[in-house]
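Working notes, structure below.
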Amino acid sequence: MESVCVVTVTYADRFNRLARETVIRALSAGASHVVIVDNGSSDDTLRQLEQLSLSEPAVTVESMGKNTGSAPAFSHGIKIAAERRPEYILLLDDDNWVEPDSLEKLLNSQKRAAVRFKDPLTSVCGYRDLDSNHIRIAKGLPASLTYPPSGAFMFFDVLTQLRRLMFKPRARELTMEEKCLPEAPYGGLLFPTQLLDVIGLPPSELRLYADDTFWTSRAVAQGHRLILDDSVTVHDADSKWARASGGGPFGLLDTESLEKLYFSVRNRVLFEKSLVRSTAARYRYAANKTIYSLISRFVALRGRPKAAYIVYREAVRDAELGRLDNLDWIGK
């Protein structure tokens with residue numbers, strides 16, 4: 001099997017609850033090395049991580065010192081992994097559990113896709129069982145109808161919603177072309193290490209949320225394919241709040257973490273604004289934003305925490321101004 005270095009990021013007390021199993025499963029699946037980035041773990045957890053790295057030669061632990069957010073942590077971990085010069089890098093969230101044959105299947109899928117599209121820098125993404133986009137594709141909806149187009153706002157697009165309603169799933173498996181993604185999460189992403197020469201490292205300045213979207217979309221923008229392999233399930237052992245933000249304002253505003261709310265909204269809107277390049281897309285964006293914001297206001301008036309709605313509006317404003325220096329909501 002080709003050399004594959006796995007990168008995962010853990011924090012707080014999640015290592016014993018989740019990340020230890022993630023590492024064990026990755027090594028059992030054939031990973032040649034695992035880089036664990038400690039992103040503000042507890043003192044006891046950090047000691048356990050250090051002990052693991054001393055007892056297991058195939059594990060390297062890198063400490064960020066404090067919780068810097070997923071973007072700087074994954075960026076650092078990927079840099080350390082690339083320095084080991086593996087043929088491939090596999091990214092996993094600290095609660096992503098793979099099966100014994102997952103790595104071999106992903107590698108085979110990458111090879112087939114690379115031949116199909118005549119591009120050795122093609123990447124593949126495993127099926128995330130809590131990702132709403134992956135679920136839709138697995139049910140037969142093409143990626144072109146699954147992901148929002150240019151002009152969407154917070155994943156929402158009226159025309160795409162109507163097209164989904166009218167779409168009749170075909171009685172056949174989707175083609176590889178229909179599983180080409182415009183973006184992907186970190187967890188479950190396998191890519192050739194040489195791709196980093198084209199797209200660089202994840203944008204650390206985004207701190208958390210949507211940094212994976214910005215980063216993986218760079219590859220697509222450069223003409224490299226990103227394929228979903230829905231035959232390989234990457235299990236989410238812990239629930240994902242971030243994916244709920246794609247389900248509309250009802251789930252978005254129902255959160256106890258204003259930090260998560262702020263950065264998920266700001267970075268998503270920042271990404272969507274970057275895709276608006278035509279007059280038609282600008283009008284589409286404005287219409288979708290108006291509808292979504294009206295629904296959000298209605299949701300806030302119907303009993304959701306008012307603070308959440310205030311943070312939502314501030315995040316949208318900062319995104320549209322391109323402001324990345326607002327750190328007021330960290331730790332809130």
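The values are calculated or read from the model by the stated rules, or taken from the named source; none is laboratory data. Owing to the predicted nature of the structure, the values given are computational and were not obtained by experimental measurement. So basically every Cβ, Gly included, is an ideal-geometry build from the backbone, and we count neighbours across all protein chains shown. Keep in mind that these areas ignore ligands, DNA and RNA; they rest on the heavy atoms of the full protein, side chains included. Shrake-Rupley method; radii C 1.70, N 1.55, O 1.52, S 1.80 Å.
Annotations
- On the chain, 53 percent of the accessible area sits on carbon and sulfur atoms, based on a 1.4 Å probe.
- Sorting 177-184, 271-278 by average packing, meaning the other beta carbons within 10 Å per residue, from highest down gives 177-184, 271-278.
- Over the chain, accessible surface divided per residue gives 45 Å², non-protein components excluded, 1.4 Å probe.
- Highest to lowest packing among 204-210, 118-124, scored as the average C-beta count within 10 Å: 204-210, 118-124
- From the coordinates shown, Cα extents along the principal axes in Å corresponds to which of [x] 55, 48, 32; [y] 72, 55, 33; [z] 54, 45, 35: [x]
- Take every DSSP beta bridge whose two residues both sit in the chain; close to 30 percent of them are antiparallel.
- Dipole of the chain, positive end: most advanced residue of Thr193, Ser109, Ala12 [Cβ charges, Cα centre]: Ser109
- Translational diffusion coefficient of the range 1-137 (Stokes-Einstein, Kirkwood radius from Cα pairs, 10 °C, 1.306 mPa s): 102 µm²/s.
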